[in-house]
Amino acid sequence: QVQLVESGGGLVQPGGSLRLSCAASGSIFSIYDMGWYRQAPGKQRELVASITTGGTTNYAVSVKGRFAISRDNTKNTVYLQMNSLNLEDTAVYYCNAARSFYSYWGQGTQVTVSS
């Protein structure tokens, strides 16, 4: 069992930056592949970025070059640095931990990009 708690969301102007954090507890963090997903109103949840246990990263086309995912296994935390934010990035952002048949989700953190 893994518990995930996201933080760092908020209101930001277009072109601004935010860094999301996801703190994990309850299991060995380093054995899980980690991901950030988002869900905008009326839309399906989509993968934003992921990072494997070995550090390999993957990004959605819409955020490539603007967002960066990283993990600190000593702090049981995964981060999402978001730069050059635009209105389409407005969504609830969720952290996910996955291993084999197991998948765990955080409660989400709201990111609103607005002028």
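Figures for the structure shown
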quantity: Count of residues meeting criterion [over 14 Å from ASN73 (Cα atoms) and not basic (Lys, Arg)] in the stretch 5-34; calculated: 15
quantity: Residue list for the stretch 50-105, restricted to those being more than 27 Å from GLN13 (Cβ to Cβ), in contact with a Gly (Cβ under 8 Å, 6 or more places away or on another chain) and either outside any strand (DSSP E or B) or free of Cβ contacts under 8 Å to residues at least 60 places away in the same chain (or both); calculated: SER50, ILE51, ARG71
quantity: Residue in the stretch 106-115 that is nearest to LYS43 (Cα to Cα), counting only those that are modelled with pLDDT of 95 or more and assigned to a loop (DSSP other than H, G, I, E, B); calculated: GLY108
quantity: Answer residue from the stretch 31-61, given it is open to solvent by less than 50 Å² (accessible area, probe 1.4 Å) and small (Gly, Ala, Ser) and is nearest to TYR104 (Cα to Cα) among those; calculated: GLY35
quantity: TYR79 being open to solvent by less than 60 Å² (accessible area, probe 1.4 Å), hydroxyl-bearing (Ser, Thr, Tyr) and farther than 24 Å from GLN1 by Cα; calculated: no
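The values are calculated or read from the model by the stated rules, or taken from the named source; none is laboratory data. Computed from a predicted structure; not experimentally measured. Note: ideal-geometry Cβ built from the backbone for every residue, glycine included; neighbour counts use all protein chains shown. These accessible areas exclude ligands, DNA and RNA; they are computed on the full protein's heavy atoms, side chains included. Shrake-Rupley method; radii C 1.70, N 1.55, O 1.52, S 1.80 Å.
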